[in-house]
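One structure below.
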Amino acid sequence: MRFRFVLLLCLALGLCRTASAQTAPSKPSWFEPQTINLSSRYRLIENTAGELTANQMQFKDALRARINIDRDRRFTLDIGAFTGSSFTSGWDATGIGSGNATANMYVKQLYGSIAPVHGLELQVGGLYINHGESTEITSYDDDGYVMGERVTVRRPAQIYFDEVSVTRAALSATATPGVIRRLKLLDHQNYWQAQVVKRFSPALSASVDFTEVAGAETARAAIAVHLPAGAPVSAVRFEQYRRVTMQPATGFAVVAERPIVGRAKVQGGYADIDPRYGGLNGDRYQQGRRFFAMATIPVRGPLSAQLYAAQAVGSSTVANRTRFDAVVTYDILAAVRGHRAN
């Protein structure tokens, strides 16, 4: 773990010099670091039988960057390297508490991108999941990945929607996070998604998508509303899905947000995910009905904390009836940029 910290710190120190050069359009950076985070969390999970299935300390490393092949950034290579050993896992165990210590680091996303004209982007390789305004509660886990191609159009003046995308890919080998080992899936694609996003105003945006995975067809829609100052809450998000084939079912989530002291904020909500959803949505939620709350707290500079608690309700048997997370994150990129600014 210490070696990885030093590696990521050196990477940030070396690359922030290039990142600062982006202010000069005549000399675009060939390498643009986007995320370099180190996180640690305490996690407690209790199942329906009242058994503690997790009571441990974990850590997470996250690196996202873009390599610009040409000066106009029309040809790029995007890289995402993270800890975690599966589709729904971005964390490794420290060995403190339950579970043995693990040390995984995988390049989970690696794709080439071409922008032949303004507003059109073509991607191929190991891609991130397109969520739109939906979240990992009713969509797929934020740590997830697919292998395939995506076409995205951002020309709202011509097509009304702010973003239209179509993805054809493979969503399988969920226990194989390494992108190189999943290259063969390019010939065995079982996933496609069509999605539109519309931002009606700074206070209102929505998305709709239709996804098919191995014959299971699912429609999703989400809307996010930012309320004016003085309202009881500052933002509300509602998202819903409907699986129309292969054991049809529906589910939804509603989340409200409110700022508290300083830049801290608290969120609370309720989710209802059907028992046959498939287990690839966020591991904090999975299936069942549950109330949840989360507080995000800036601590000092690039250091922040997050508290999360959830409680399932109803008679369903679930693996995570009660869950509590306490997370601390250090943003190395923000720290280095702040240091250089001073």
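Starting from residues that are part of a loop (DSSP other than H, G, I, E, B) and of a type in the set (S, T, N, Q), keep the ones in segment 104-132 and report whichever is modelled with the highest pLDDT.
Out of the qualifying residues, it is N130.
Quick one: in segment 203-228, of everything that is assigned to a loop (DSSP other than H, G, I, E, B) and modelled with pLDDT of 95 or more, which residue is surrounded by the fewest Cβ atoms within 10 Å (Cβ to Cβ)?
Filtering first and then ranking leaves A203.
Suppose we filter T135, T174 for residues that are of a type outside the set (G, A, S), at pLDDT below 95, under 16 Å from the mean Cα position of the chain (by Cα) and not in a strand (DSSP E or B); which single one remains? Explain how you work it out, then say what you get.
On the way: T135 fails: at pLDDT below 95.
The conditions single out T174.
Would you confirm whether or not segment 47-55 contains a residue that is surrounded by fewer than 18 Cβ atoms within 10 Å (Cβ to Cβ), in contact with a Gly (Cβ under 7 Å, 6 or more places away or on another chain) and in contact (Cβ under 8 Å) with a residue 12 or more places away in the chain?
There is at least one residue in segment 47-55 that is surrounded by fewer than 18 Cβ atoms within 10 Å (Cβ to Cβ), in contact with a Gly (Cβ under 7 Å, 6 or more places away or on another chain) and in contact (Cβ under 8 Å) with a residue 12 or more places away in the chain.
Give segment 89-103 a look and list any residue that's part of a loop (DSSP other than H, G, I, E, B), surrounded by fewer than 15 Cβ atoms within 10 Å (Cβ to Cβ) and of a type outside the set (A, V, I, L, M), or say none.
Filtering segment 89-103 down to residues part of a loop (DSSP other than H, G, I, E, B) leaves 90-91, 98-103.
Cutting the leftovers down to surrounded by fewer than 15 Cβ atoms within 10 Å (Cβ to Cβ) gives us 100-101, 103.
Selection gives N100 alone.
Please state which one of T296, T317 is surrounded by 14 or more Cβ atoms within 10 Å (Cβ to Cβ), hydroxyl-bearing (S, T, Y) and on the phi < 0 side of the Ramachandran plot.
Result of the check over T296, T317: T296.
Of the numbered conditions (1) of a type outside the set (D, E); (2) over 18 Å from R182 (Cβ atoms); (3) crowded, with 18+ Cβ neighbours inside 10 Å, F75 satisfies every one except a single condition; which is it?
Just one mismatch for F75, condition (3).
Could you please tell me which pairs satisfy a Cβ distance under 9 Å, a separation of 6+ or placement on different chains, a first residue in segment 150-168 that is on the phi < 0 side of the Ramachandran plot and modelled with pLDDT of 95 or more, and a second residue that is of a type outside the set (V, I, T) and assigned to a helix (DSSP H, G or I)?
Cβ pairs passing all conditions: D162/P156; E163/P156.
Every residue, every condition in (1) at negative phi; (2) polar (S, T, N, Q); (3) surrounded by 17 or more Cβ atoms within 10 Å (Cβ to Cβ); (4) touching a residue at least 40 places away in the same chain (Cβ under 8 Å), yes or no:
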site	(1), (2), (3), (4)
Q247	no, yes, no, no
V254	yes, no, no, no
I260	yes, no, no, no
G282	yes, no, yes, yes
F292	yes, no, yes, no
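Step by step: first the residues of segment 177-195, then only those that are assigned to a strand (DSSP E or B) and without any contact (Cβ under 8 Å) to a residue 40 or more places away in the chain, then the one that is farthest from V107 (Cα to Cα). Which residue is that?
That would be A194.
The values are calculated or read from the model by the stated rules, or taken from the named source; none is laboratory data. Just so we're clear, the structure is a prediction, and the values are computed from it rather than from any experiment. Note: ideal-geometry Cβ built from the backbone for every residue, glycine included; neighbour counts use all protein chains shown.
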